[in-house]
Structures are given as structure tokens and as C-alpha cells.
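> Got a structure here, written out as C-alpha cells. Questions coming.
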Amino acid sequence: MSLSEQYYSTEDLHPIDIVEHLAEHNEWEFDRVADDQIAMAVEGQWRTYSITLAWSPHDETLRLICTFEMEPPEDAMAGLYETLNAVNDKCWTGAFSFWAEQSLMVWRYGLVLSGGQSAVPEQIDTLITTAVVAAERFYPAFQLVAWAGQSPQDAMQVAIAEAYGRA
């Protein structure tokens, strides 16, 4: 039975309810922060990623933010920002940014569900998986630039091949 088939009998299922079910199914630690928001921890190969999904009924958007801590030295920041640009050129969905004040590398994506559309579990599962796969794929490049002093071009060579696996 597909994930969607489990929900066909329920009308107007809240997207965060779907996320909560996926978190339970995958045995991820999670906290239902509010009716419209959930935070969870998803274990990757390189580290555990903090993922927050929030539903905005006003914008009709399900927003995903996937973060991991990163405190690069000040002299590495120019290279890190250059690497971010190179990484984002390779991303078709979502984008990375660095929140210096919080010392967080951030992957962001918004799923627009305008006109009263509903998200299906497969969409949300893909959303979460894509975030983790992107973080796993580019984490080594960020690390090499920030701490090993590699150029963004050299560091990006480790991210050329697509990451395989599933969150």
C-alpha cells in the first residue's frame, strides 16, 4: 500500500499531520511544536540534521528548513560563500544559505499548495529526503573549504557525484 492510499479516506488532512506520521513511521525523533509546525532530527551519514516543517495557511506553503551547525573561521567565509554559490547552481530544488548569527548551514524549500491543494505523503517524503540528500552531498565540500583550506573548485569535486540513499 502506498503512503497516499493510507490517507484517501481522510479529507482535509493537515500537512503537518502527514509529516508527523512519516516521522513516526521512520522512527525519527520529533516534536510537534505547534499545530502548524513540527521539528525533527534525521540521522545522516555525516551528522544528524535538524528539520523543521511549518505550514502557512496564509501563503498556502509548506516550508522546510534543514539545518546543521557550522562555525567556520572568519578567514574562510569568502570561500564558503563562493562554495554556497557553486552548490546552489547544482541544486534544482531548494537552496543553501549560511546563517552566521546562528552558526547554521541551512537548506530551505517551500512547497506551494495554492488554490486549496493538498500535499500527499509522497511529496512530503520526497521533500525531506531531498533536503537530507543535499546536505549529505555537499557537507564535505563545505567542510573542506572551511577547515582544510581547499579552494571551492577543489572542494566541489567531492560533490560532483550524486549521493545515493534515502533519509
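The values are calculated or read from the model by the stated rules, or taken from the named source; none is laboratory data. Remember, it's a predicted structure, so these values are computed and weren't measured experimentally. Note that each Cβ is placed from the backbone with ideal geometry, even for glycine, and that neighbours are counted across all protein chains shown. Side chains included, ligands, DNA and RNA excluded: accessible areas come from the protein's heavy atoms. Shrake-Rupley method; radii C 1.70, N 1.55, O 1.52, S 1.80 Å.
> For a quick check of your reading of the model, give me the residue pairs whose first member lies in the stretch 34-53 and is under 15 Å from Leu64 (Cβ atoms) and without any contact (Cβ under 8 Å) to a residue 24 or more places away in the chain, whose second is open to solvent by 10 Å² or more (accessible area, probe 1.4 Å) and of a type in the set (D, E, K, R), with beta-carbon atoms closer than 8 Å and at least 6 apart or on different chains.
Once the first residue is under 15 Å from Leu64 (Cβ atoms) and without any contact (Cβ under 8 Å) to a residue 24 or more places away in the chain and sits in the stretch 34-53, its partners that are open to solvent by 10 Å² or more (accessible area, probe 1.4 Å) and of a type in the set (D, E, K, R) give Ile38/Glu20; Ile38/Asp31; Ile38/Arg32; Ala39/Asp31; Met40/Glu29; Met40/Asp31; Ala41/Glu29.
> Now a separate question. Output yes when any residue across the stretch 118-133 is assigned to a strand (DSSP E or B) and open to solvent by less than 40 Å² (accessible area, probe 1.4 Å), and no when none is.
The answer is no; no qualifying residue exists.
> What strands (runs of 3 or more DSSP E) lie completely within the stretch 17-109 and have 1 or more residues being open to solvent by less than 30 Å² (accessible area, probe 1.4 Å) and either modelled with pLDDT of 95 or more or of a type outside the set (S, T, N, Q) (or both)?
Counting at least 1 such residues, we get 37-43, 48-56, 61-69, 95-99.
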